[in-house]
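The values are calculated or read from the model by the stated rules, or taken from the named source; none is laboratory data. None of the values given here were measured: they were computed from a predicted structure. Reconstructed Cβ throughout: ideal geometry from the backbone, glycine too, with neighbour counts over all protein chains shown. Accessible surface is based on the protein model in full, side chains and every heavy atom, while ligands, DNA and RNA are left aside. Shrake-Rupley method; radii C 1.70, N 1.55, O 1.52, S 1.80 Å.
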Amino acid sequence: MTRIFVTPALLLLFVAGMAIGALTAPGAGAAQYTYFLYVNPGASTNLLTCGWHDVCEHPYNWGNALDWGNDPYTNRYVYWRSWGVADSGSGTMAYASPYDASSQRCYGAGAHVFDLAWQWKGSVAWLHTLLSPSAPTISIDGSWAGAFTSGGPMGTTVASEKSIDCRWTAPHLHQYSTAAGWFANTEVYPPAPSGGTGYNLSAFGNWQNRTTWTN
């Protein structure tokens with residue numbers, strides 16, 4: 001995987017040259033391709049501490065987030081992991097650009113997903129996570145058979161939160177997706193308050209959230 005480091009000052013230069021090595025560069029008269037992005041858990045541990053939820057407290061309201069058993073000491077790092085599928089060919093199909101997802105109450109790190117034309121396709125966020133200053137912009141691979149991409153670390157799990165108003169009980173990784181058109185893998189991961197262990201975090205079938213687009 002080729003890792004590309006992007007700063008705001010270099011973004012325009014990066015966009016100008018991004019077509020190199022890409023599956024297809026959108027343009028007038030270009031063929032339409034469909035892309036499927038499956039984002040896996042970014043945890044350092046395969047221990048699931050809470051199933052699909054918004055907040056993992058009674059009455060366990062539905063949400064598209066999972067809690068993973070990261071801690072700030074032995075399992076602190078958070079990574080980008082994904083599978084990309086495209087109609088044809090192989091190569092870069094999208095980009096994941098890191099951003100600070102913190103709020104006034106909670107720490108958070110995230111990655112905005114952009115297609116080859118740098119059109120936003122949603123984001124993946126890791127709550128209770130401190131964004132790494134060296135988090136890379138990741139070239140997401142895709143192919144008709146599926147291509148795996150791994151990169152990072154994107155951030156580290158925090159030992160304490162910014163405010164007592166941040167709803168949590170102990171360090172962990174709360175991962176979720178944003179924007180319409182993202183789906184949760186409810187066939188693999190259970191609803192709250194269930195947990196579990198032993199998940200293969202890199203397996204194609206164990207994706208956490210997915211989306212698709214055509215251009």
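I'd like the accessible area for Phe114: 1.4 Å probe, protein heavy atoms, all chains in place, Å² to the nearest 10.
Taking all protein chains as shown, Phe114 has close to 40 Å².
Using the Kirkwood radius built from alpha carbon pairs, what does the Stokes-Einstein equation give as D for the range 70-109 at 4 °C and 1.567 mPa s, in µm² per second? Don't skip to the answer; put the middle values down first.
Details: Rh = 13.5 Å.
Rounded to a whole number, D works out at 96 µm²/s.
Restrict the search to the range 134-194; then list the chymotrypsin sites (Phe, Trp or Tyr not before Pro) that DSSP places in a loop and that have at most 15 other Cβ atoms within 10 Å of their Cβ.
Values: sites: Trp144, Phe148, Trp168, Tyr176, Trp182, Phe183; in loops: Trp144, Trp168, Trp182.
In loop regions of the range 134-194 (DSSP not H, G, I, E or B), the sparsely surrounded chymotrypsin sites (Phe, Trp or Tyr not before Pro) are Trp144.
Give the Cα extents of the chain along the principal axes, in whole Å, largest first.
53, 38, 28
Over 24 Å apart: what share of the alpha carbon pairs of the range 104-215 falls there, rounded to a whole percent? Spell out each step's value before the answer.
Details: 2065 of 6216 pairs.
Result: 33 percent of Cα pairs exceed 24 Å.
Any chance you could check the Cα centroid distance between the range 159-215 and the range 129-155 for me, in angstrom?
With the range 159-215 and the range 129-155 each reduced to a Cα centre, they are spaced 16 Å.
Restricting everything to alpha-carbon atoms, can you work out Rg to Rh for the range 41-119 with a Kirkwood hydrodynamic radius?
Over the Cα atoms of the range 41-119, Rg/Rh equals 1.03.
Out of Pro136, Pro190, Pro98, any idea which swings most in a Gaussian network model of the chain, alpha carbons joined below 10 Å?
Pro190
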